[in-house]
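Below: one structure, written as structure tokens.
The values are calculated or read from the model by the stated rules, or taken from the named source; none is laboratory data. Since the model is a prediction, treat every value here as computed from it, not as a measurement. Neighbour counts run over all protein chains shown; Cβ positions are idealised from the backbone, glycine included.
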Amino acid sequence: MIYRENGQFKTSYGADQQIFPIAQDRWAVLAIIAFAFIGVPLLADEYMFRAILIPFLILSLAALGVNLLVGYCGQITLGAGAFMAIGAYAAYNFLIRIDGMPLLGALILGGLTSAAMGILFGIPSLRVRGLYLAVATLAAQFFWDWAFLRIKWFTNDSSSGSVSVSNLDFFGWTIDAPAEKYLFCLGMLVVFGLLAKNMTRASIGRQWMAIRDMDVAAEVIGIRPMWAKLSAFAVSSFFVGVAGAMWGFVHLGSWEPAAFSVDRSFQLLFMVIIGGLGSIVGSFFGAAFIVILPIFLNQMLPALGGLFGVSISTAAVSHAELIIFGVLIVFFLIVEPHGLARLWATSKEKLRLWPFPH
Amino acid sequence: MSKQIGDVILDLQNISLRFGGVKALTDISFNVREHEVRAIIGPNGAGKSSMLNVINGVYHPQDGKIFFRGEERKAMQPHMAAAQGIARTFQNIALFKGMSVLDNIMTGRNLQMKSNLLMQALWWGPARNEELKHRARVEEIIDFLEIQHIRKTPVGRLPYGLQKRVDLGRALAMEPKILLLDEPMAGMNVEEKQDMCRFILDVNDQFGTTIVLIEHDMGVVMDISDRVVVLDYGKKIGDGIPDEVRSSPEVIKAYLGAGH
Ligand SMILES: Nc1ncnc2c1ncn2[C@@H]1O[C@H](COP(=O)(O)OP(=O)(O)O)[C@@H](O)[C@H]1O
Ligand SMILES: [Mg+2]
């Protein structure tokens, strides 16, 4: 009896509309969160925090934002990297230009700036879709790449466009050691994950999905396409912007515009495609996969080559990485558009019925 | 029939609609009275669906006037028509494929949900209560349409007949004044048609909802409608109670000509 929901009858709609209506799921998630907060800091070493866990958490947050727009509202974006940059540079400017600006305040203001820009750059979505929208968002990416490199005010007149932030102070807690950074990022991700989940199970989330699935019908039942699309751009850009600010402040410490190039935009899009469009947990799967795969290949391929007496160069590893991503993207787009999250849900479904599948 | 047919609620005057060179509707006038079941019939391509699209603001006619509850409306967008109480179902089912039956019907409540984005994101008391209140209302519709067993199923997995029912449920969730139904029984077997007829009559009877119905099955039309408009090639060729329309030579000609 590993996964049974016998006897769990819902007696109210409130109980039925919980985030995890099945008790086992609820406990499992709580256990995972508790382990992440208590167990992981005891077990992980500095390399794990810096190279894997912190990037994973921050990119999960960014991917979650992208997923709200692409997976839930059905609008394409190739400019997520630019919105990370907007979040990072805006938060930086709020931090250094306003005396006594707290860390959290700067992060949120960075996110809000990104949200405002998201609305602006989302306006084309009211007229165009698909390829044309992709191109419009790509233009946003190039515009902001250029702006942060060339407009010196954004980078406080630093010549290379490189800026840095130190002394992260979160209500008296100095975030310094890798484990502390990890805990901060984890806390942020849990909070934002909850916000995202709440939106997607409420009226706003249904409006986004309705626009995604059938926009004419959505309008006919009273959904305003402008509100639905622009709110998705705003919320998504807010998430991505906060993630960008955290990437700069917490993960990198000092950064240049290249940290948020178009490569990052594509990476985030790949995360939601591989992880699962329209799935919160899928965003986490996708981020984990894309953070871990290169590290895994770096360790595995040379070792594998060693077995057969061939030496595999770093360049070959990174080529292999691109090839594997390419194949996976094509696989998921064609075979399983709902990504790893769907594969996970399907196996859980089977487990629920096991051993009597009928 | 016990129900009381009321005043004119929707009045269409001299409506003409063209798509480039195609005249979809030419100088069509008719009205709809409160609480009645008004049928629109006619051969394929006659302009019936276009007529519904004009009524709820998807298409904007080049000529003519539309009065809704005595007021002329101009350049109305579909979501404004929805806000005024006009709901519809679609000839080619237009459900939200990636969402469950429950969520599809819940979208119909959208206009009545007032809590703002931040409250929803926080699942804050009022937002949560609102969600539960509307869920309860949607469950009544689910019971009414007898689709309890599939409420959590993604609509894409449902057979055609049930999808049509969910489409009706989504429109009903809006608690509309006027319900526009575009061939709600097309492609159904006899039993499914009977169920659908029963639902339509019950809606009309219990909630007093005015219904504008496009249907090909003449038996059904004659049975359940109060008045019938007949279109052919975008022109109105008949208008009246079912018996009148059935015996009109022009209507008979159009239908024989179209091979019916
Ligand atoms: N969006 C559109 N663009 C161009 N032509 C259209 C459009 N909608 C309808 N039509 C044309 O208008 C005419 C009436 O179509 P329609 O209203 O769908 O008829 P019905 O529902 O009676 O079968 C047809 O000739 C059809 O091709
Ligand atoms: Mg039609």
Elements of type helices (runs of 4 or more DSSP H) in segment B:91-185, at least 2 residues being within 23 Å of B:Ile40 (Cβ to Cβ): B:160-172
Residues of segment B:165-211 being within 16 Å of ligand 1 (Cβ to nearest atom), touching a residue at least 40 places away in the same chain (Cβ under 8 Å) and out of contact with any Leu (no Cβ under 7 Å at 6 or more places or on another chain), which ones? B:Glu183, B:Ala186
Here are some conditions: (1) farther than 25 Å from B:His216 by Cβ; (2) within 15 Å of ligand 1 (Cβ to nearest atom); (3) modelled with pLDDT of 95 or more. B:Glu34 meets all but one. Which one does it not meet? (2)
Does B:Ile41 satisfy the criteria of being within 16 Å of ligand 2 (Cβ to nearest atom) and either assigned by TED's automatic domain parsing to the domain that holds B:Val138 or in contact with a His (Cβ under 9 Å, 6 or more places away or on another chain) (or both)? yes
Among the residues of segment B:207-215, is there at least one that is under 17 Å from B:Ile142 (Cα atoms) and of a type in the set (A, V, I, L, M, F, W, C)? yes
Note: among B:Lys74, B:Lys65, B:Lys114, just one is out of contact with any Ser or Thr (no Cβ under 6 Å at 6 or more places or on another chain) and not assigned by TED's automatic domain parsing to the domain that holds B:Leu17, namely B:Lys114
Unique match (being more than 8 Å from chain A (Cβ to nearest Cβ) and more than 17 Å from the chain's Cα centre (by Cα)) among B:Gly70, B:Gly85: B:Gly70
Residue under question is B:Val54, and the condition is that it be within 14 Å of chain A (Cβ to nearest Cβ), crowded, with 19+ Cβ neighbours inside 10 Å, within 16 Å of ligand 2 (Cβ to nearest atom) and not acidic (Asp, Glu); does it hold? yes
Pick from B:Gln62, B:Gln77: which is within 14 Å of chain A (Cβ to nearest Cβ) and either within 13 Å of ligand 2 (Cβ to nearest atom) or surrounded by fewer than 21 Cβ atoms within 10 Å (Cβ to Cβ) (or both)? B:Gln77
